[in-house]
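Before any comments, here is the structure.
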Amino acid sequence: MLNRCIYLLALAAISLAAGCGGGSSNNNSSISSTNNSSSTPAPTSTISVTTSPSPSPNPTIVPTATITNTPLPSAEPTIAPTSTITPTPSPMTEMSYTTVFSESLDADVDGLDAYQLVREKFGRNSIEAPDVYASDHQSVRHLNQQTDDIVGDHFVFTLHLGDDGDKGNFIDRQRNEIKVYGSSIDELKGFEGKTFEYSWKFKVNENMEISKKFSHFFQLKAVYGDDAQPIITISGSERSGTDSMQIRYSPHTIPSNTQYLAFADWREVKGEWLNVFCRVTYAEAQEGGKIEMRIVRMRDNVEMLSINENNIDMWRGPATASEVGRVPFVRPKWGYYRSYADATNLRADEEEVRFANFVIKEVVLNENN
């Protein structure tokens with residue numbers, strides 16, 4: 001009996017030892033499984049997102065960032081010039097005006113010659129071409145007429161680097177312009193407080209070179225008073241190493257500090273017909289002086305230069321003490337007036353500027369605006 005009890009106790013001890021070993025084995029298995037499930041997926045997920053060239057969840061994000069960033073360097077240069085060259089159309093364009101007076105000057109290849117046409121409208125001494133002056137380049141006509149398929153009949157203004165002067169003077173510039181002047185009819189003159197509209201078309205020669213100095217194609221110039229500098233100018237020159245067409249403004253200060261109100265890349269305007277509109281109120285800044293100007297490339301109707309300036313000084317004051325009895329006014333001038341002080345940057349060839357469809361209007365703002 002005793003032996004049987006010893007046998008049963010021994011058997012129970014063996015069974016208990018086996019049960020404890022099985023529990024320990026199951027716990028180790030569970031820990032191992034837990035470690036595998038927590039360590040294996042994490043590295044796999046990290047690797048697939050970070051290094052895989054075409055992971056399933058993230059390919060949209062990575063390429064999208066690439067597509068978004070890639071165009072920016074090429075898009076920004078286009079946007080910046082466009083915002084400078086083509087500003088938002090001004091509210092003034094929506095205002096209505098009534099025409100008080102209107103005069104036009106058009107070329108006519110089958111009619112009168114260019115000199116007769118200009119003098120008939122603006123007066124006998126309205127032409128400042130080199131061949132008009134005895135001491136200047138008289139062997140060549142500098143104002144002619146031609147026609148094309150875009151604007152039809154038009155005027156051609158020419159200058160010759162080595163031969164032409166400035167109204168018979170040979171210092172550092174040469175001039176071929178037409179103008180409203182003292183003997184023109186009063187209706188063409190911009191008197192104080194009046195509002196005028198000017199429109200015309202022009203094209204500079206496709207191969208024309210401009211210098212670091214000036215090449216003017218239009219001026220609003222005071223007559224009497226502080227008339228040393230033009231008030232507004234459309235000009236071409238090289239600035240900071242870049243050729244451009246500009247709208248310039250000379251404030252009513254002595255000495256005048258020329259301001260550049262708008263720029264267009266010279267490559268975008270040369271050889272192109274440009275359509276110009278200008279509306280100006282001739283008054284001092286505090287009296288409502290203003291100017292709006294738009295220059296549009298006719299080929300694609302793209303606005304190349306534009307300004308809209310309010311409370312700007314568009315008047316140059318009363319006549320000086322030496323001009324007693326004179327009535328100041330502002331006149332338009334069109335043509336080709338350039339400096340040759342930087343002649344190395346100019347071509348020796350004949351240069352041309354073409355003009356068509358000059359219109360001068362005096363207008364008044366309608367009361368219903």
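The values are calculated or read from the model by the stated rules, or taken from the named source; none is laboratory data. From a predicted model like this one, the values you see are computed outputs, not experimental measurements. Because the Cβ atoms are built from the backbone with ideal geometry, glycine has one as well, and the counts that use them run over all protein chains shown. Ligands, DNA and RNA are excluded from the accessible area calculation, which covers all protein heavy atoms including side chains. Shrake-Rupley method; radii C 1.70, N 1.55, O 1.52, S 1.80 Å.
Quick look at the values:
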item	result
Pairs, first touching a residue at least 12 places away in the same chain (Cβ under 8 Å) in the range 254-272, second of a type in the set (S, T, Y) and open to solvent by less than 50 Å² (accessible area, probe 1.4 Å), C-beta under 6 Å, six or more apart	S256/S250; T258/S250; L261/Y249; F263/S244; W266/S244
Answer residue from the range 320-350, given it is without any contact (Cβ under 8 Å) to a residue 24 or more places away in the chain and part of a loop (DSSP other than H, G, I, E, B) and is nearest to E362 (Cα to Cα) among those	G325
One residue from A262, A283, A222 being modelled with pLDDT of 95 or more, open to solvent by less than 40 Å² (accessible area, probe 1.4 Å), among the small types (G, A, S) and in contact with a Pro (Cβ under 7 Å, 6 or more places away or on another chain)	A222
Some residue of the range 234-244 being more than 25 Å from F155 (Cβ to Cβ), assigned to a strand (DSSP E or B) and either in contact (Cβ under 8 Å) with a residue 40 or more places away in the chain or not basic (K, R) (or both)	yes
Meets criteria (modelled with pLDDT under 95, open to solvent by 10 Å² or more (accessible area, probe 1.4 Å) and of a type in the set (A, V, I, L, M)) for I312	no
When residues of the range 240-259 are limited to those that are modelled with pLDDT of 95 or more and of a type in the set (A, V, I, L, M), the one nearest to M304 (Cα to Cα)	M245
Residues satisfying the stated conditions in the range 130-175, i.e. open to solvent by less than 80 Å² (accessible area, probe 1.4 Å), in contact with a Phe, Trp or Tyr (Cβ under 7 Å, 6 or more places away or on another chain) and closer than 22 Å to V359 by Cβ	L143, Q145, V151, H154, F155, F157
Test for E362: is it more than 22 Å from the chain's Cα centre (by Cα) and over 22 Å from D265 (Cα atoms)	yes
Condition met for T147 (at pLDDT 95 or above, among the β-branched types (V, I, T) and farther than 28 Å from F196 by Cα)	yes
Residue selected from the range 93-120 under the condition in a helix (DSSP H, G or I) and in contact (Cβ under 8 Å) with a residue 60 or more places away in the chain, by the criterion most open to solvent (accessible area, probe 1.4 Å)	T93
Residues (open to solvent by 70 Å² or more (accessible area, probe 1.4 Å) and not β-branched (V, I, T)) located in the range 320-369	A321, S322, G325, R326, A348, D349, E350, L365, E367, N368, N369
Verdict on E177 being of a type outside the set (S, T, Y) and within 30 Å of N311 (Cα to Cα)	yes
Residue within the range 306-314 that is under 22 Å from G152 (Cβ atoms), within 23 Å of the chain's Cα centre (by Cα) and touching a residue at least 40 places away in the same chain (Cβ under 8 Å) present	no
Criterion violated by E268 - all others in (1) within 17 Å of the chain's Cα centre (by Cα); (2) part of a strand (DSSP E or B) satisfied	(2)
